[in-house]
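**Student:** Before we start, here is the structure in question, set down as structure tokens.
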Amino acid sequence: MKTSLLVVVCVLALGSASVVSAAEGGFFDRLGNRIDRRLDRRGDRINDRLDRRGEAINDRLDALSEKAEEAGKEKLAERLDRRGDRIEGRLDRKGDRIERRLDRRGDRINRRLDHAGKHYHHHRHAQN
């Protein structure tokens, strides 16, 4: 029983010391910056992928529109062209929405890490 109590106390002491030393070195700031960069890259990749997809769909429908126009089917050509523009716009908006959501998530994580860093920094100075 004494051994297990000693182990628990040692683990608690090491855990609190590592958190306090992490707050001193700007650990929470570096962690927040790393998370922000990762979320930004993820948002950029998703947005780029959706842009390429929208452009490919629009190009395909534009080609079909030109083919229909050459065959004298004006209304079909216009409808295909509008459809391609609509799909491309929708995918652009979807990518923008995803990027904004990831930005909000990064901001929320940063606020939480800033709060944790201030809390541990304040707690450390209060003990001295």
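The values are calculated or read from the model by the stated rules, or taken from the named source; none is laboratory data. The structure displayed is predicted, hence computed values, not measured ones. Using ideal geometry, Cβ is built from the backbone for each residue, glycine included, and neighbour counts are taken over all protein chains shown.
**Student:** Can you tell me which of (1) without any contact (Cβ under 8 Å) to a residue 40 or more places away in the chain; (2) of a type outside the set (A, V, I, L, M); (3) touching a helix residue (DSSP H, G or I) at 6+ places or on another chain (Cβ under 8 Å) is the one R93 doesn't meet?
**Tutor:** (3)
**Student:** Something else: L6 fails exactly one of the following numbered conditions: (1) modelled with pLDDT of 85 or more; (2) surrounded by 10 or more Cβ atoms within 10 Å (Cβ to Cβ). What is the number of that condition?
**Tutor:** Looking at each condition in turn, L6 falls short on (1).
**Student:** When you go through A68, A56, A63 one by one, which is the residue that is of a type in the set (A, V, I, L, M, F, W, C), part of a helix (DSSP H, G or I) and surrounded by 15 or more Cβ atoms within 10 Å (Cβ to Cβ)?
**Tutor:** Going through A68, A56, A63 in turn, the sole match is A68.
**Student:** Taking the stated definitions as given, is R79 part of a helix (DSSP H, G or I), surrounded by 10 or more Cβ atoms within 10 Å (Cβ to Cβ) and at pLDDT 95 or above? Step through it out loud before you land on a result.
**Tutor:** Details: part of a helix (DSSP H, G or I): yes; surrounded by 10 or more Cβ atoms within 10 Å (Cβ to Cβ): yes; at pLDDT 95 or above: yes.
Judged against the criteria, R79 is a match.
**Student:** Examine segment 93-116 for a residue that is at pLDDT below 85, surrounded by 15 or more Cβ atoms within 10 Å (Cβ to Cβ) and either part of a loop (DSSP other than H, G, I, E, B) or among the aromatic types (F, W, Y) (or both), and state whether such a residue exists.
**Tutor:** No, every residue in segment 93-116 fails to be at pLDDT below 85, surrounded by 15 or more Cβ atoms within 10 Å (Cβ to Cβ) and either part of a loop (DSSP other than H, G, I, E, B) or among the aromatic types (F, W, Y) (or both).
**Student:** I need a count of the residues in segment 19-43 that are modelled with pLDDT of 90 or more and either in contact with a strand residue (DSSP E or B) (Cβ under 6 Å, 6 or more places away or on another chain) or exposed (fewer than 14 other Cβ atoms within 10 Å of the Cβ) (or both).
**Tutor:** Residues flagged as modelled with pLDDT of 90 or more and either in contact with a strand residue (DSSP E or B) (Cβ under 6 Å, 6 or more places away or on another chain) or exposed (fewer than 14 other Cβ atoms within 10 Å of the Cβ) (or both) within segment 19-43 amount to 4.
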